[in-house]
Amino acid sequence: MKHEAAIMNLLFLATAIVAVGTSIAAITRHNVLHSILYLIVSFAAIAVVFYLLGAPFIAALEIITYAGAIMVLFLFAVMLLNLGGSAIEQERRWQPVLSWAGPAFAGLVLLAEFLFILMHDTTVNAANPVITPAQVGRALFLRYTVGVELVAMLLLSALLGASRLGRRPRTYILKQGIDHDSHSV
Amino acid sequence: MTPIPFEQILLLGTVLFVVGLAGVLARRNLILILLSIEIMLNAAGLIFIAGGSKFHEPDGQVMFLFILAVAAAEVTIGLALILAQNHASRTLDADAADQLRDR
C-alpha cells in the first residue's frame, strides 16, 4: 500500500509540474496559436490529475470538451480574425524547432505517464477509490435536476447571444449591396 | 480517500488559478485573456473534483459539469464579442473595447 501511494504521488507531482509549466508558457507566448497549443497540453495534464483523483468520467470530458471542442472554437476564431500576415512574419523570425519543442516535450512526459499507468493498471486502481459515471449520472439527474434545467437555459441564451453578436451590422450589408449595384452598372 | 495529499491538490489548483489571474491582468490580447479565464475555471473545477474525491461523493463531479457548461457559454459569447470588435475597429487590444455599441 505504501509503495502504491508513493507511485501515485510521483505521478501526481510530474503531472502537476507539466500542468503549471505549460499554463505559464501559454500565457507568455506572443503567438496566439502557440498559446493554444500549450493550453491543449495543459488540459491533457489536468485530465491526468482527474484520473488519478478517481474521476475517469470527468477526465474523458476534459479531453473531449476542453482540449477538443473549446480549443477548436478558439482556433476557428483565430482563423476568422485573419491574423495571417504578422503571424507568418513572426514564425519566420523564430527558430522553427523552438516553437514546437516545448509542447512536444510536455506531451512526451504525459505519454510516458499514460504508458506507465496502462502497464501498472492494477497498482494504480487498487490505491484509488473511483467514482463511476453511473454514480455521477444518478446524482446529476436526481438531486440536481433544477441545475440541469438552468444549464440548458444558459446554453440556449449563449447560443442566441452569439448568433445576435455574430450578425453583420445592417449598414455594412447595405453598403455592400450599393457597391455591388454600382459595379454592375 | 486517494493517496495523494489533499493539500497538494489544493496547492496545484491555487497555483493554476493565480497563473490564469496573472494572464488576465497582464495580457492585452483579448483572445489570451479568454484563454486565461479558461485556466482559472479549470483550476476551480480541479478543487471541486478534489473535494468530491476526498469525501467520496459524486457532487464534486456534478459541479464540474456545471462549470464546463458555464465555460462553454462564456467562450461562445466572448469569441462572438471579439469578432464583433475586430470587425468594428480592426484590433484585438483590450483597451479598444469601449466602443462596442451599434452605430
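The values are calculated or read from the model by the stated rules, or taken from the named source; none is laboratory data. Being a predicted model, the structure only gives us computed values, none of them experimental. Cβ atoms come from the backbone with ideal geometry, glycine included; neighbour counts cover every protein chain shown.
For segment B:54-72, how many residues meet the condition of being outside any helix (DSSP H, G or I), without any contact (Cβ under 8 Å) to a residue 12 or more places away in the chain and facing chain A (nearest Cβ under 7 Å)? Don't jump to the end; show me each part of the working.
Pass one, segment B:54-72, residues outside any helix (DSSP H, G or I): B:56-58.
Among the residues that remain, those that are also without any contact (Cβ under 8 Å) to a residue 12 or more places away in the chain are: B:57-58.
Okay, now just the ones that are also facing chain A (nearest Cβ under 7 Å), so B:58.
Selection size over segment B:54-72: 1.
Kindly check whether there is at least one residue in segment B:22-37 that is under 11 Å from the mean Cα position of the chain (by Cα), more than 9 Å from every other protein chain (Cβ to nearest Cβ), at negative phi and in contact (Cβ under 8 Å) with a residue 60 or more places away in the chain.
Scanning segment B:22-37 turns up at least one residue that is under 11 Å from the mean Cα position of the chain (by Cα), more than 9 Å from every other protein chain (Cβ to nearest Cβ), at negative phi and in contact (Cβ under 8 Å) with a residue 60 or more places away in the chain.
Is it fair to say residue A:24 is part of a helix (DSSP H, G or I) and closer than 29 Å to residue A:136 by Cβ?
Working: part of a helix (DSSP H, G or I): yes; closer than 29 Å to residue A:136 by Cβ: no.
For residue A:24, the condition - part of a helix (DSSP H, G or I) and closer than 29 Å to residue A:136 by Cβ - is not met.
On the basis of being touching a residue at least 60 places away in the same chain (Cβ under 8 Å) and either basic (Lys, Arg) or surrounded by 17 or more Cβ atoms within 10 Å (Cβ to Cβ) (or both), does residue B:92 make the cut? Show your work before the answer.
Values: touching a residue at least 60 places away in the same chain (Cβ under 8 Å): yes; either basic (Lys, Arg) or surrounded by 17 or more Cβ atoms within 10 Å (Cβ to Cβ) (or both): yes.
Judged against the criteria, residue B:92 is a match.
I'm trying to understand the selection: among the residues of segment A:130-167, which are facing chain B (nearest Cβ under 7 Å), surrounded by fewer than 17 Cβ atoms within 10 Å (Cβ to Cβ) and either touching a Gly at 6+ places or on another chain (Cβ under 9 Å) or not in a helix (DSSP H, G or I) (or both)?
If the condition is that a residue be facing chain B (nearest Cβ under 7 Å), surrounded by fewer than 17 Cβ atoms within 10 Å (Cβ to Cβ) and either touching a Gly at 6+ places or on another chain (Cβ under 9 Å) or not in a helix (DSSP H, G or I) (or both), then A:166 is the only one that fits.
Let me confirm something: among A:70, A:64, which residue is within 12 Å of the chain's Cα centre (by Cα), exposed (fewer than 14 other Cβ atoms within 10 Å of the Cβ) and at pLDDT 80 or above? Before the answer, list the steps.
Values: A:70 fails: exposed (fewer than 14 other Cβ atoms within 10 Å of the Cβ).
Just one listed residue meets the conditions, A:64.
Against the definition (in the same structural domain as residue A:108 (by TED's automatic domain parsing), part of a helix (DSSP H, G or I) and in contact with a helix residue (DSSP H, G or I) (Cβ under 8 Å, 6 or more places away or on another chain)), how does residue A:40 come out, yes or no? Write out each step before concluding.
On the way: in the same structural domain as residue A:108 (by TED's automatic domain parsing): yes; part of a helix (DSSP H, G or I): yes; in contact with a helix residue (DSSP H, G or I) (Cβ under 8 Å, 6 or more places away or on another chain): yes.
For residue A:40, the condition - in the same structural domain as residue A:108 (by TED's automatic domain parsing), part of a helix (DSSP H, G or I) and in contact with a helix residue (DSSP H, G or I) (Cβ under 8 Å, 6 or more places away or on another chain) - is met.
Enumerate the pairs (first residue in segment A:10-22 and assigned by TED's automatic domain parsing to the domain that holds residue A:105; second residue anywhere and among the hydroxyl-bearing types (Ser, Thr, Tyr) and modelled with pLDDT of 90 or more) with beta-carbon separation below 6 Å, excluding pairs fewer than 6 apart on the same chain, so at least 6 apart or on different chains.
A:19/A:42; A:22/A:38; A:22/A:42
Any residue at all in segment A:60-68 that is facing chain B (nearest Cβ under 7 Å) and touching a residue at least 40 places away in the same chain (Cβ under 8 Å)?
Checked against the condition, which is being facing chain B (nearest Cβ under 7 Å) and touching a residue at least 40 places away in the same chain (Cβ under 8 Å), segment A:60-68 yields no hits at all.
Only residues that are β-branched (Val, Ile, Thr) and surrounded by fewer than 22 Cβ atoms within 10 Å (Cβ to Cβ): list them for segment B:34-61, please. If you could, list the steps in order and put the result at the bottom.
Of segment B:34-61, the ones β-branched (Val, Ile, Thr) are B:37, B:39, B:47, B:49.
If the condition is that a residue be β-branched (Val, Ile, Thr) and surrounded by fewer than 22 Cβ atoms within 10 Å (Cβ to Cβ), then B:37, B:47 are the ones that fit.
Listed here are the residues, each with its yes/no results for (1) aliphatic (A, V, I, L, M); (2) surrounded by 24 or more Cβ atoms within 10 Å (Cβ to Cβ); (3) over 30 Å from residue B:30 (Cα atoms).
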| site | (1), (2), (3) |
| --- | --- |
| A:6 | yes, no, yes |
| A:13 | yes, no, yes |
| A:19 | yes, yes, no |
| A:22 | no, yes, no |
| A:34 | no, no, no |
| A:50 | no, yes, no |
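Go through (1) facing chain A (nearest Cβ under 9 Å); (2) touching a helix residue (DSSP H, G or I) at 6+ places or on another chain (Cβ under 6 Å); (3) free of Cβ contacts under 8 Å to residues at least 40 places away in the same chain and name the single condition residue B:75 misses.
With respect to (1) facing chain A (nearest Cβ under 9 Å); (2) touching a helix residue (DSSP H, G or I) at 6+ places or on another chain (Cβ under 6 Å); (3) free of Cβ contacts under 8 Å to residues at least 40 places away in the same chain, residue B:75 is out only on (3).
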